[in-house]
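Reviewing the structure listed below.
The values are calculated or read from the model by the stated rules, or taken from the named source; none is laboratory data. In this text the structure is predicted, and so the values were computed from the model without any measurement. Here Cβ is always computed from backbone atoms with ideal geometry, including for glycine, and neighbour counts include all displayed protein chains. These accessible areas exclude ligands, DNA and RNA; they are computed on the full protein's heavy atoms, side chains included. Shrake-Rupley method; radii C 1.70, N 1.55, O 1.52, S 1.80 Å.
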Amino acid sequence: MKFLSVLLCIVLLFTGCSQSASTELSNRLIIEAIGIDSDESGYKVSVLALNTLQTGSAGSTESPDGIAKVFTAKGNSIADAFSQLDLISAQIPLYSQARVLIIGKETAENQPLSALNFFIREHTTRDDIPVAVAETTANKIITADLGKNLLVSKVTADLLSSGKRNGQTVRVPLYSFVSRLLNETDAAYLPVLTVEKNAQKKDEIRAAGIALFANDNYTATLNNKTMNGFLYANNLIDSTLLEIDYNNKNISLTVRKIKTKTEINEKDPSVFSVAVSFSCDIIEHNSTNQDLNEQDILQIKLLAQEKIKKYTEDFLYYTLHDCGCDCLGFGKRIRNKYPTYYEQISKNYTSFLKNVQTVVIAEGAIHRPGREVLSGK
Amino acid sequence: MKNQISSAQLFCILFVCRLLGTFTYMSQLQTTLHAGSRIVATGVCFLFSILSAIPVLLYLQKQNNVSFLNAVGIVSEKTAGIIGISYAAFFLFAAIITITRFGLFAGTVLVQNTGLYISVFFLLLVCVYCVYQGLQPLARTAVIFAVILLFSLIAVIAGTIGECSLINIPGIRENEIPNIIKQAFFSACRNIEIPALLFIAEEIKGKAHTVVLKFITAFSIISALLFTVAGGVLGEYGDQQIFPLFTLSSVAKFGFVERMEDLLTGIWIVCAMLKTAFLLYVASQCLQKSLHKEIKTCHTAIGAVLIFAGYLLFSADIPTTIRLLRTWLLPAGYIIFAILLPIVLYLLFVRKEKKLQKENRI
Amino acid sequence: MNTPILAKAIDNKLLLQQRFGNSFDLMFREVNCGEIHYTAAFLDGMCDRLFLSQSVIRPLSQPLDCAPKNAIDTLYSILYEGIERDMVSTMEEVEQHLIAGSLVFFADECTKSVCFNAPIFARRAVSEPQSEQQEKGSKEGFTDFFKDNVTLIRRRLRTPELHIERINIGKTSNTFVCLCYLADRADNELVEQIRSKLSKADPDIVLGAGSLRPYLEKSSQSFFSGIGSTERPDTFAAMLSEGRVGLIIDGVPFALFMPQFFTDHLRALDDYLTKPYYAFLLQVLRLCGLLIATMLPGLFVAVCVYHPELLPTDVMFDIAVAISHTPFPLFIEALIIHFIYEIVREAGLRMPKSVGHAVSIVGTLVIGDAAVKAGLIAAPMLIIVALTAISSAIIPGIHEPMAVLRFLFILAGGIMGLFGIMLTAVAVCISICNIVPFRIPYVNPIKTLKKARNSKLL
């Protein structure tokens, strides 16, 4: 028993003595954000990494280089570029902490799936890392100077997550994007980001629409008008602001509890109904003279319904007829319910989309109208 | 009787062992199936499992608490030894497949800095230790980890059900039916725990056949649920992953708890260890009753050495590993050892019983 | 071997002197009662001389009217008020009574002797138990004298069903060991099993509770023990009331009880004095404390070295910065710092109280503060050690296995990461599940021993 224990201990101790043994945390390059751009020779990778090898005493976290550093590397492939990164930084890259993956516009326009192949295969990368497209280059966003102690990765990740409550952008995890790209009929989408200078001459990262991809090709960008409809129709927002014009006065509504149901017509599979239900609160009424009564509330509700319906219809028309993008999963619904019909249309799906008809219904309710209604005026 | 386990403990062992196969499910290993077909294949597998378990269930019902080899010995002493060694070889082969499959999983997603051979060596060492302690401690440990496993499954499902969209799961097409049946058949043939019950029948307190039915039902329901959620969340992305359920666990999150796949992998390591220990235990029971006295004392060590040797052989390169995992030897072995042999011996035993009854009457 | 008492008192005296090797405390007195002449022997310091001189010697100042051969019988019959006495017929019994603090009388022509028991020796008063603190429970703890301990138990279990059997164990020490059980609750098989094991036990001396463990337990190679010990009479009484069997050992302020289950470590008597919801919370806390104390250092090393993706980014960054300044790898650092902690803990146990403060200051300042500032160890590791130390104090009863397992987990985590941790966890689990003290599984959660035997789950 004693002999076995000693033997075990010796074996245990020697197992750690190989070169490929454990990697200390301080020897890892903790990557916070990744940017992929296309280059003449292949790809250019920009990473924002935390600066763990700080100068100064053990207890201090201040460093002249700041809390994070940007590294850039080029290579024939993304894997090649990352291996160059290993040489530049003298640390082993750790992809698991990356908060955002940004693809440059040129890369996005040129088969983005091949650019993402490295991240699909690399097991340490988070499968739900948010992906975005840069309006110009990813490097510009990664190297943006936001100010002291503001990390591009955190700001970008927060910006993408905020889309759910402000309806200005959307957070798309890697697995969702790839899944839609691989699907025969679905259109994939990614938020578009841009860098602008603010009044204090500091860089600011802003949302600039939503990019659509069909058949692994960059197809179109949704701007404000069509983007609203896209977000409503896809259940991608929890709440957003809606401004309507009533009696030449501006009424601001917060639209919440948005639920969209898409159904295929039983008799004609090329007809879909999109029903958007919502609830809203009147948060601002720019009028000092006129209080709102019950009739006004009803009219406001109807106007809100009209507006949301218009947004959705515009979005659907643009994406289906102009871009040939199926953003609502029509193809999947036909595939699940009418597989034979699906076999026929899938051969020329884009032209089928142009003939798809959609019936949009928007139904809402105003839950918090304001004190005027309660007082009976 | 000493060293007996209860039916609840038996259920937990079977459950933990079998679920390992689900966790390390590899899409496109046997056939290429989409999410919807995978779910249907699980349902068909449930039927195949019940049908293929009937011979063993019949034996257990008839010969409760009598080990299979003892029963065979009553019919024919000479064949008992040969049958014992054959079954031992089958269980050891199944253990090699389990370890190799798990080694592939660990090598793909865990990336141990220490070599996988060393990790497998220590895993087998712990398995040998477990087997030497007997079936009872193994069963009790399985109960503890079954509870933890259940909570982890609930966590994965709860953390991903919000993202699940059933339109991502395509329906089955006619041309997929042969693949579905093939996948279901291969999955059913991986229920090695069922023929293993023949050799631990005397160590089970209570009715083993009801436990088997409950176990097959529970395992099928949970597998179907996991595949449904995986298909609904990951869609076509899941088909790109070698281990889609592992990817599902990496996506699961609620609140601030994220990246649960490493923690869950820890639990799956335990499942692999318990399954290997269980198969090694059963194999060593077969060897113990069939081999000569001199070799009896180290039957467990012999079994572990054979498993390790098998692992080294089949994990030399990926094509060899895939060939092993796709082999028809395991389903063929299952048909012989779980269906044919129990039926034949059951019928022989019934014939002998009738003969004895006739002789008693005379 | 039974040596008979000799017919001449002088011979008995010589025999005793030979047996005790002319020990200075073996004393003899000659007592004359008229025609009858007695020789009294006693061990100075072991018997109450004042009580004996008043109760035994003074009444013998009157002459006795009896034949010399009836001298002992007469003495036995006349002196019966307020004193415990025994009639013995062998020298071995005489020796036992002398050691127990008796005054032994010999007479010529008598082959028997009478022993008057009046033991008195310096002993500790009942005080608060040092190793087991309770918030709402009794403040009485066991002492070193077994009779006082028996009294403490009798006061708590005022029932004739409380049976206490006295056994002598130890070839040299002949220590009194009391087997205690409630006859209406304890399983007869269990009692018989323990009785038989005690009868087969043949240690040389019994100086502590641990001396009897190897004879009572089947396997001493396991980390955990199926035999528990307690310093508290209320806890001991509670164990007896659950149908367990206990042992009170003379000279030891700890009593043993068996069987002990794993869940006993997670319970305290205070739990029964509070509301169930709070008691449940406390049990969960203790379980968490146990897991933290055993597995946290190993998990920390495994996660930081092999699975950093489990850490939130901010925490990872702080740890990475902290450990970038230290000379040792995290694995070695963990081993060193835990080893130093064990040294400090052991020193704290053994050192005299007068230097306690100095050592505490050295431990805190040097190891805690200066080492971190000098960059020898990282602050996160120190936090882990502190958390581990505090958590291990929640369950002091299993400090030994926790300390050893902690090192095992650090080794496993440092060499093989989470894989090693889980393998070690399973091996430990199997080891715990394998313990079956007195035919009841150690991991059984069920309280009543009868239900525990029939349990189907564990």
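The number of residues in the range A:62-96 that are within 20 Å of A:N27 (Cα to Cα) and open to solvent by less than 10 Å² (accessible area, probe 1.4 Å) comes to 6. A search for C-beta distances below 9 Å between a residue of the range C:202-225 that is within 14 Å of chain A (Cβ to nearest Cβ) and any residue that is modelled with pLDDT under 85, counting only pairs 6+ apart in sequence or on different chains, returns C:Q221/A:M1. Got at least one residue in the range B:291-309 being among the hydrophobic types (A, V, I, L, M, F, W, C), in contact (Cβ under 8 Å) with a residue 12 or more places away in the chain and in contact with a Lys or Arg (Cβ under 9 Å, 6 or more places away or on another chain)? No, the conditions are met nowhere in the range B:291-309.
B:L116 meets all of the listed conditions (1) within 11 Å of another protein chain (Cβ to nearest Cβ); (2) over 30 Å from A:R333 (Cα atoms); (3) of a type outside the set (D, E, K, R); (4) open to solvent by less than 10 Å² (accessible area, probe 1.4 Å) but one, namely (4). All of (1) open to solvent by 60 Å² or more (accessible area, probe 1.4 Å); (2) within 21 Å of C:Y76 (Cβ to Cβ); (3) free of Cβ contacts under 8 Å to residues at least 24 places away in the same chain hold for C:L50 with one exception: (2).
Inspection of the range A:283-295 identifies at least one residue that is open to solvent by 20 Å² or more (accessible area, probe 1.4 Å), among the polar types (S, T, N, Q) and part of a helix (DSSP H, G or I).
Here is a yes/no grid of residues against (1) surrounded by 15 or more Cβ atoms within 10 Å (Cβ to Cβ); (2) touching a helix residue (DSSP H, G or I) at 6+ places or on another chain (Cβ under 7 Å):
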| residue | (1), (2) |
| --- | --- |
| C:P4 | no, no |
| C:L14 | no, no |
| C:H37 | yes, no |
| C:L43 | yes, yes |
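Taking the criterion of being over 19 Å from C:A9 (Cα atoms) and surrounded by 13 or more Cβ atoms within 10 Å (Cβ to Cβ), the residues of the range C:64-84 that qualify are C:I78, C:L79, C:I83.
Could you say whether any residue in the range B:25-34 is more than 14 Å from chain C (Cβ to nearest Cβ), assigned to a helix (DSSP H, G or I) and not acidic (D, E)? Within the range B:25-34, not a single residue is more than 14 Å from chain C (Cβ to nearest Cβ), assigned to a helix (DSSP H, G or I) and not acidic (D, E).
Of the residues making up the range A:154-187, those that are of a type in the set (D, E, K, R) and farther than 24 Å from A:D216 by Cβ are A:K154, A:D158, A:K164, A:R165.
Listed by first and then second residue, the pairs with beta-carbon distance under 6 Å, at least 6 apart or on different chains, first residue in the range B:143-159 and more than 14 Å from chain C (Cβ to nearest Cβ), second open to solvent by 10 Å² or more (accessible area, probe 1.4 Å) and of a type in the set (F, W, Y), are B:G159/B:F254. Taken over the range A:117-151, residues that are away from every other protein chain (no Cβ under 14 Å) and not in a loop (DSSP other than H, G, I, E, B) amount to 8.
Table: residues versus (1) assigned to a loop (DSSP other than H, G, I, E, B); (2) open to solvent by 20 Å² or more (accessible area, probe 1.4 Å); (3) away from chain A (no Cβ under 14 Å); (4) among the basic types (K, R).
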position	(1), (2), (3), (4)
C:R286	no, yes, yes, yes
C:G289	no, no, yes, no
C:A293	no, no, yes, no
C:V301	no, no, no, no
C:C304	no, no, no, no
C:L335	no, yes, no, no
C:I340	no, yes, yes, no
C:V362	no, yes, yes, no
C:D369	no, yes, no, no
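Determine, yes or no, whether C:A320 is touching a helix residue (DSSP H, G or I) at 6+ places or on another chain (Cβ under 8 Å), part of a helix (DSSP H, G or I) and more than 7 Å from chain A (Cβ to nearest Cβ). No; evaluated as a whole, the condition is false for this residue.
Residue by residue, here is whether (1) among the hydrophobic types (A, V, I, L, M, F, W, C); (2) within 21 Å of C:M91 (Cβ to Cβ) holds:
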site: C:F24; (1), (2): yes, yes
site: C:E30; (1), (2): no, yes
site: C:E35; (1), (2): no, no
site: C:A41; (1), (2): yes, yes
site: C:D48; (1), (2): no, no
site: C:Q54; (1), (2): no, no
site: C:P59; (1), (2): no, no
site: C:P63; (1), (2): no, no
site: C:T74; (1), (2): no, no
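Among the residues making up the range A:171-213, those that are within 14 Å of chain B (Cβ to nearest Cβ) and part of a loop (DSSP other than H, G, I, E, B) are A:R171, A:V172, A:N183, A:E184, A:T185. Scan the range C:202-241 for residues that are at pLDDT 90 or above and part of a loop (DSSP other than H, G, I, E, B) and the total you get is 3.
For the range C:113-125, give me each residue that is among the β-branched types (V, I, T) and at pLDDT 85 or above. Across the range C:113-125, the qualifying residue is only C:V114. Scanning the range C:258-271 for residues that are open to solvent by 10 Å² or more (accessible area, probe 1.4 Å) and touching a residue at least 24 places away in the same chain (Cβ under 8 Å) yields a total of 9. For the range A:65-99, a residue qualifies if it is in a strand (DSSP E or B), out of contact with any Asp or Glu (no Cβ under 8 Å at 6 or more places or on another chain), of a type outside the set (S, T, Y) and touching a residue at least 60 places away in the same chain (Cβ under 8 Å), and exactly one does: A:V70.
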